[in-house]
Amino acid sequence: MGLEDRESVRILRDVLDPASGADGLIADMYIRWFAADLSARDLFPPDMATQRKAFAHVLVWLCDELIAQRADEPVAVLAQLGRDHRKYGVTQAHYDALRDAMLATLRSALVAHWDRRLAEAVTDVVTLIIGVMSGAADAETTPPFCDGTVLEHLRVSRDVSVIRLKMDHPLSYHAGQYVPVQVPQWPRRWRYLSPSIPADPAGYVEFHVRSVPGGMVSTAIVSETQPGDRWRLANPHGALEVDRDGGDVLMIAGRTGLAPLRALIMEMSRFTDNPRVHLFFGAKYPCELYDLRTLWEVASVNPWLAVTPVSELNFDPPWARDYPDVTPPRGLHVRQIGTLPEIVTRYGSWSDRQILICGGPQMVTATKAALLAKGTPAERIRHDPLPT
């Protein structure tokens, strides 16, 4: 029965579930892989905790989809993973060693249940994972990554930087997408960043980066990036977009969550006829609304765009004087005081709008919950996947 044997796939799913203590099993899987192919270890950063967690999440989700007899999305996701893993330098030999390591580890973990049916199901699941990923990687003809040079680093707030680069070759992406980025301070540690401008035929790219407490890569970017640094960018992800024929739009941006929405707004400004867009841009302090002047400039020549600044507090901290004044000229909506979920829902449910939310996971979750409680249809709300 293989993949159609729901009971066997359910047994496999349970042993992979981190909630059931599968961390050791996933670690054993990587240990077997690296022992069989020493070159595989060099593909990953020294700290494997994040990688193991992400891999376990994908495996459990895949089993859930197979149990529900849904195969289309798993195949599409695995194919994207295969294409994306090209940036690590994964070869067919690596995939072969990984397949053997997965099968050996799972057989050891499931020895109490092992029989012909379970063996067939486990083999088919592993073969699906390895086959789709390696096949998609083989079929892809575009380069796995592109390098570029940092041209400018603007420290616009205590923990926010604007980084501008010129790529060696134009980077292809849609406004609203995010791309994997590797910086020289942390090789092999890829982080997702959203370009804040539409794809540029000359290869210029801009990112807005916030230093996250405990975040090694983001802290290095904000504190250490210098003109001349060489960054590596891989193929884009995400499907955040505006349907220009789908009605008016509500955008909600928390801090550097502004970047992908800003790119979408700039993409729309290339057209004369657009749906109305109302953007709420929020931060803790007024001085952290770092891009209000640009937003004012765009709104001043695009009557379809309205911008409401939001700050949780109505005063700036002492360190604000060390950074540029972000106060825009008159013309934007009056700044509101409160959290984004509170302010946005004061205006109603926005149930007739396309709704895009970008920012930190807590803000996105809280804003989405507030809108749903107000009566907003869930299908109207879109955001990028949240960390698990």
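When you count, for each residue, the other Cβ atoms within 10 Å and take the mean per peptide, how do 37-48, 77-88 rank with the highest first?
My ranking of the peptides, most packed first, is 77-88, 37-48.
For region 163-291, rounded, prolate or oblate, judged on the Cα gyration tensor with a ≥ b ≥ c (square roots of eigenvalues), a/c < 1.5 rounded, else prolate if a/b > b/c?
oblate
Stretch Arg10-Asp248 to full length: gain in nm at 0.36 nm per residue minus the Cα-Cα span?
Stretched out fully, the Arg10 to Asp248 stretch lengthens by 81.3 nm.
Would you check the chain for Lys pairs whose C-alpha atoms are within less than 27 Å, ignoring same-chain pairs closer than 8 in sequence, and give me the count?
Counting lysine pairs in the chain gives 5.
Taking 30 Å as R0, compute the FRET efficiency from the Cβ-Cβ separation of Val212 and Glu297 and round it to 0.05.
That pair, Val212 with Glu297, gives E of 0.55.
Hey, can you grab everything whose amide H is under 5 Å from the amide H of Leu193? Only 5+ residues off in sequence or another chain; H modelled, so Pro and N-termini drop out.
The answer is Val179, Val181.
Of Leu3, Trp61, Leu305, which is farthest towards the positive pole of the chain's charge dipole, taken about the Cα centre with +1 and -1 on the beta-carbons of Lys, Arg and Asp, Glu respectively?
Leu305
When only Cα pairs under 8 Å and 6 or more residues apart are kept, what is the percent relative contact order across the chain?
Result for the chain is 13 percent.
Could you size up the charge dipole of region 119-265 around its Cα centre, putting +1 on the beta carbon of Lys and Arg and -1 on that of Asp and Glu, and report it in debye to the nearest 20?
Charge dipole, region 119-265, about its Cα centre: 760 debye, nearest 20.
So with the 1.4 Å probe, I'd like the accessible area per residue for the chain, rounded to whole Å².
Numbers: 18280 Å² over 388 residues.
Ligands and nucleic acids excluded, the figure is 47 Å² per residue.
Of the options Ala71, Pro201, Tyr347, report the single residue whose Cα projects farthest towards the positive end of the charge dipole of the chain (beta-carbon charges: Lys, Arg +1; Asp, Glu -1).
Towards the positive end, the residue furthest out is Tyr347.
Quick one: length gained pulling Gln92 to Ser20 fully straight, 0.36 nm per residue minus the C-alpha distance?
Taking Gln92 through Ser20 to full extension adds about 22.7 nm, to one decimal.
Please report, in debye to the nearest 20, how large the charge dipole of region 294-388 is about its Cα centre when each Lys and Arg carries +1 at its beta carbon and each Asp and Glu carries -1 there. Spell out each step's value before the answer.
Numbers: 9 positive and 9 negative charges, 64 e Å.
Dipole size: approximately 300 debye.
Separation of region 93-163 and region 1-50 by C-alpha centroid, Å?
Here the answer is 11 Å between Cα centres.
List the residues, sorted by chain then number, that are 5 or more residues from Lys284 or on another chain and whose placed amide H is less than 5 Å from its amide H.
Here the answer is Glu312, since their amide H atoms fall under 5 Å of that of Lys284.
So for the chain, taking the charge dipole from beta-carbon charges (+1 Lys/Arg, -1 Asp/Glu), which of Pro260, Ser211, Thr91 sits furthest toward the positive end?
In the chain, that residue is Ser211.
At what distance in nm do the modelled label points of Thr123 and Ser269 sit from each other, each positioned 7 Å from its Cα along Cα→Cβ?
Computed distance between label sites Thr123 and Ser269 equals 6.0 nm.
Assuming 0.36 nm per residue, please report the length gained on full extension of the stretch Trp61 to His237 beyond their Cα-Cα distance.
61.5 nm
With charges set only on the Cβ (+1 for Lys and Arg, -1 for Asp and Glu), what does the dipole of the chain come to about its Cα centre, in debye to the nearest 20?
840
Once you place label points 7 Å from the Cα toward the Cβ at Asp325 and Arg188, how far apart are they in nm?
4.9
Under a GNM of the chain (C-alpha, springs under 10 Å), which listed residue has the highest mean-square fluctuation: His278, His208, His333?
His333
Within the chain, which whole H helices from DSSP have a Cα span along their axis of at least 24 Å and a mean Kyte-Doolittle hydropathy of 1.0 or more, if any?
Qualifying helices: none.
The values are calculated or read from the model by the stated rules, or taken from the named source; none is laboratory data. Everything numeric here is computed off the predicted structure, so don't read it as measured data. All Cβ positions, even for glycine, are placed from backbone atoms using ideal geometry, and neighbour counts span all protein chains on display. Protein only, heavy atoms only, side chains kept; ligands, DNA and RNA dropped before computing areas. Shrake-Rupley method; radii C 1.70, N 1.55, O 1.52, S 1.80 Å.
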